[in-house]
Amino acid sequence: MVYLNDGEVREKTDRINTVRETLRLSMSEVSKTYSKLFLVDTLEKVGISRHFSREITRILDMAYKLWLQKDEEMIMDMETCAMAFRILQSRFPDSVVQGSLNDTKAILELYKASKVRIFDDEWTLDKIDSWTTELLRQQLCSNKISTSGMPQEVECALQLPFYSSVLEPLEHKRNIEHFSTNGIQMRKSAFLPHHIAEDIIALAVAEFHSAQSLYRQELQYVDRWVKEVRLDQLKFLRILPLDVFFFLASSVLPRELSDARIAWIQNCLLTTAVDDLFDVAGSSEELQNLIALFEKWDAHNEIGFCSEDVETVFYAVYNTSNKIGERAAEVQNRSVISHIAQLWLDTARAMMKEAEWSREGHVPAMEEYMPVAEVSFALGPIVPTSLYLMGPELLPEEVVRGPEYGGLMRLTNVCCRLLNDMASYGRESGDGKIANSVLLLHLHSASSVDMAKEEIRRTVEASKRELLRLVITGAGGGGVPRPCKDLFWNMCKVANLTYLQANGFCSLEEMLGAASAVVHDPLNV
């Protein structure tokens with residue numbers, strides 16, 4: 001675990017208490033619904049909303065009641081309605097879009113709100129998405145953005161759809177810098193006391209600095225771990241710079257969950273090592289040897305190692321998993337190492353099945369392919385292991401084995417696997433690989449690769465909506481805590497960013513630039 005020093009903790013605590021008190025005192029002063037929602041949105045934009053959950057809950061409870069009562073300001077003012085919809089993630093009324101077509105901020109709120117879809121029949125949102133996208137593009141191209149400082153925000157929103165963006169830490173930084181220079185600007189008719197704005201910005205600056213310091217400490221820890229478990233000695237291992245993993249991890253897991261974030265990064269690296277052994281470097285003997293070692297786990301000495309690569313990979317997985325398991329047992333008040341070991345075994349077996357298909361030239365049907373491909377994507381060792389470290393939320397065994405948890409895992413696997421398959425189709429088919437869902441659809445049903453990809457996109461979008469519905473509505477009723485559900489959704493968002501471009505990844509230059517901004521570069525304030 002990485003800790004802040006006592007001075008940093010005291011400074012942060014003092015700032016939080018100051019802002020909380022001013023927020024409480026100002027609640028009666030901030031009378032308009034728009035102003036209260038704007039305040040919530042601002043706290044989220046600069047990355048400090050977690051400190052004010054009670055105050056935010058009061059505002060959202062009030063907003064929801066007004067929504068149900070069809071309050072005039074809530075319903076008739078487009079920006080207020082769109083912001084409330086996005087934050088509350090509720091249903092959107094049809095009659096709110098008149099009279100604000102030149103207000104870029106209102107249109108952007110409406111555009112973002114249209115991305116929050118959890119049902120198949122939300123045709124109104126489809127239409128709103130279509131015309132707000134076109135309107136924002138027109139305003140951007142013609143330099144008719146109505147609010148200063150917004151072109152970059154509009155451009156980013158159009159480039160990365162709201163549901164797929166995992167750039168929150170980067171956006172927090174940009175918003176802090178913007179507010180520090182331009183102030184927190186409400187409408188002329190609204191009012192935010194100057195001292196509250198100053199306190200919010202000061203706390204956001206301090207929070208970003210402490211988070212960045214924490215990420216650097218974690219980065220040093222993981223760098224040492226890579227050398228300790230000898231991953232750096234695996235010549236076949238494809239590995240992105242560690243900075244990129246910390247950029248992604250900072251979006252997947254909140255900054256206070258250091259243990260879970262480190263475990264997430266470690267298991268991302270370990271699953272890459274196992275995948276590369278199965279996909280690129282390993283012989284049949286080595287792959288069978290690794291599976292046998294995972295089957296034996298603690299009794300692995302009975303098996304032995306057929307190569308140095310297998311020994312390195314196994315001990316990296318085994319020793320790291322046991323250490324994570326020890327910490328997780330303290331959080332969960334029960335042993336979870338048997339589940340972690342089983343997840344690694346399931347993943348390796350799925351990878352072996354795909355290796356056999358490739359070696360034998362077997363083209364499985366989709367119903368044969370997907371159950372294997374979902375597991376071989378290797379979220380099993382990554383997500384559940386991190387969930388076990390997200391205390392104080394408890395995940396009893398009956399919850400982990402329940403249908404809600406299983407549905408969250410299945411839908412996340414489907415989205416990530418299919419997004420990966422679409423992005424990697426050209427490369428993998430060129431390498432002679434056939435275990436790819438786009439190619440399978442092309443061979444078995446669709447008349448062209450483009451048609452196959454479109455069919456896959458529809459499946460991904462439907463799975464995303466179902467996943468988001470499970471996350472935000474509690475429809476599963478299986479006892480999975482909301483913070484744990486959010487991790488599944490965040491993994492889906494990471495996949496959307498990672499496989500955004502046709503070659504399988506956003507450019508390394510872009511990823512490194514974002515990582516440097518979050519982990520290393522100072523605030524420009």
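The values are calculated or read from the model by the stated rules, or taken from the named source; none is laboratory data. Keep in mind that this is a model prediction, so the values were computed, not measured. With ideal geometry, Cβ positions are generated from the backbone for all residues, glycine too; neighbour counts draw on all protein chains shown. Keep in mind that these areas ignore ligands, DNA and RNA; they rest on the heavy atoms of the full protein, side chains included. Shrake-Rupley method; radii C 1.70, N 1.55, O 1.52, S 1.80 Å.
Just a few scattered comments:
- Test: Arg86 is at pLDDT 75 or above and under 22 Å from the mean Cα position of the chain (by Cα): yes
- Verdict on Lys65 being open to solvent by 70 Å² or more (accessible area, probe 1.4 Å) and either at pLDDT 80 or above or assigned to a helix (DSSP H, G or I) (or both): yes
- Candidates in the range 313-352 are the residues that are within 24 Å of Leu277 (Cα to Cα) and of a type in the set (Val, Ile, Thr); of these, the one that is surrounded by the fewest Cβ atoms within 10 Å (Cβ to Cβ) is Ile337.
Residue-wise test of (1) over 15 Å from the mean Cα position of the chain (by Cα); (2) within 18 Å of Ala373 (Cβ to Cβ); (3) modelled with pLDDT of 75 or more.
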site: Cys416; (1), (2), (3): no, yes, yes
site: Ile434; (1), (2), (3): yes, yes, no
site: Val438; (1), (2), (3): yes, yes, no
site: Leu468; (1), (2), (3): no, no, yes
site: Pro481; (1), (2), (3): yes, no, yes
site: Lys485; (1), (2), (3): no, no, yes
site: Lys493; (1), (2), (3): no, no, yes
site: Ala517; (1), (2), (3): yes, no, yes
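- Qualifying residue in the range 199-219 (condition: open to solvent by 20 Å² or more (accessible area, probe 1.4 Å) and not in a helix (DSSP H, G or I)): no
- Residues in the range 329-350 that are among the basic types (Lys, Arg) and more than 29 Å from Arg417 (Cα to Cα): Arg334 only.
- Some residue of the range 282-300 being within 17 Å of Leu237 (Cβ to Cβ), open to solvent by 40 Å² or more (accessible area, probe 1.4 Å) and in the same structural domain as Ser386 (by the TED database): yes
- Looking only at residues in the range 220-241 that are open to solvent by less than 30 Å² (accessible area, probe 1.4 Å) and part of a helix (DSSP H, G or I), the one that is farthest from Glu44 (Cα to Cα) is Leu231.
- The residues in the range 295-331 that are hydrophobic (A, V, I, L, M, F, W, C) and within 29 Å of the chain's Cα centre (by Cα) can be counted, and the count is 8.
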